[in-house]
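The values are calculated or read from the model by the stated rules, or taken from the named source; none is laboratory data. Here the structure is a predicted model, which is why all the values come from computation and not from measurement. Because the Cβ atoms are built from the backbone with ideal geometry, glycine has one as well, and the counts that use them run over all protein chains shown.
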Amino acid sequence: MNTMLAMLLSLCAALAAEAGTSGGAKTRAPVSIRFSDQSTVAGETIRLGDIARIIAGEAPAVAELETLEVAKSAGFGLSRMVDTEVLYARVLQAYSGRFEFDFDRKVIRVTTRAEKLPMDSLSRIIDAFVAQMPKRSGEARRWEIVRAPAEIMVPAGPYGLELSFSGAKRKGKVDMTLAVRSEARVLRNIPITLNLRVEEPVLVAKVRIDRDTPLDASNASIEIRETTDMNEIAVGNPRKLLGYLAKVTINPGRIITPRVVAMPPTVKRGQEAQIVYRNGGVSVSAGAVCRQDGLPGQIITAKSLVSQRLVRVRVTEDGWLEPVPGG
C-alpha cells in the first residue's frame, strides 16, 4: 500500500513538472550587448552591429540583431551622440519578449565617414558645366576658382555632384553651388566662386570713324576680344553692324556696340520716292520728295509731286511710301 502510494505521488510530481515546462512562461534567450565608446559608419543609417558587439548563444539571433537599424547617422564628416538607454526604449524593448538584454548604459559618439574630393575631380565637373553653357558662335570661355573650401568633403559611400549658378551672373565673378546628393536628396550645398572669362568675335574700329559714317571693311574689322565685362545685348552680332552709321565719333581700337551705331535710313530728306496708292487689287504710284529721313515702319512727311501738297506716309522696307489714313 505504501509502495503504491509512493509511485502515485512520484507520477503526479513528474506530470506536474512536465505541465509546468510546456504550459508555463517561455524562457527568454539571454543577450549581452557591449557598446563601443565611439564608432564610425559610412551610410545614412546606424545599425546595432556598427556600434556594439553582441554576445548570444544562437547565430541567427546575433545576425538578426546586428542588422537592426537603430538610428539615423549624421551628415557625412559629422558626428552624433547615441544614448543606449534611449536606444533600448525606442528599438530593443520591442524584442524583450524573445531576448533578455544586458547592455551598457552610456552615450556613444558616432561619426559618419567622409572622404576628400580630389581637386582634379572638381576641375572636371567645372569643365563639363562650362562646356554645356549656351554660347555665341566663336565664343571661348576660361575659368579659375576664386573661392572654395580648402578641402571639399564627400560621403564615403555612393553620391552624386551637381554644379549650378546661385545668382543671375553668367560671366565675370560668378557664385556657384556644388550640391552633394544621395539618390533621394541633397546632402550638402557647397558655395564656390569662379572667375569666368569670355572672349568672342566683336566689331572693332580700325581707324577713327566720324559720326554718320557708314561702317564697312575699310574702317572696321571683326576681332576676338575679351567681353567679360560686357553684357550680351551690348555686344550684339558684329556682322550685322556693318552698314550701320556711327552715332558718335568712334576712336581706333574701340569695340563697336549697337549702342553707338544707328540703322541707315531707308529714305533720306530730299530724296525722291514713290507713294503707292492701293484700292483693292489696283495700285497707282506717284512721285514725292521726302521731307525727313525715315526707317521702315516710320511715319514721315513727303511732298507729292502731283498735288504739291504735304502728305503723311509710312516708309516700307523696300523704300516705298504708303499714305497714312487721315494724312
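A few points about this structure:
- Residues of the range 223-242 satisfying the condition of being in a loop (DSSP other than H, G, I, E, B), closer than 29 Å to ILE299 by Cα and modelled with pLDDT under 90: GLY236, ASN237
- Close contacts from the range 175-191, counting a first residue that is closer than 14 Å to MET153 by Cα and a second that is among the hydroxyl-bearing types (Ser, Thr, Tyr) and in a strand (DSSP E or B), with Cβ to Cβ under 6 Å and a gap of 6+ residues or different chains, come to ASN189/THR177.
- Matching residues, the range 294-315, being within 13 Å of TYR277 (Cα to Cα) and in contact with a Cys (Cβ under 6 Å, 6 or more places away or on another chain): none
- Unique match (being loosely packed, with under 13 Cβ neighbours inside 10 Å, out of contact with any strand residue (DSSP E or B) (no Cβ under 8 Å at 6 or more places or on another chain), on the phi > 0 side of the Ramachandran plot and not basic (Lys, Arg)) among GLY297, GLY280: GLY280
- Single residue of GLU226, GLU272 found to be in contact with a strand residue (DSSP E or B) (Cβ under 8 Å, 6 or more places away or on another chain) and either closer than 30 Å to LYS135 by Cβ or not charged (D, E, K, R) (or both): GLU226
- Failed condition for VAL110, given (1) surrounded by 12 or more Cβ atoms within 10 Å (Cβ to Cβ); (2) free of Cβ contacts under 8 Å to residues at least 60 places away in the same chain: (2)
- Any hit, the range 51-60, residues being at pLDDT 95 or above and not in a strand (DSSP E or B): yes
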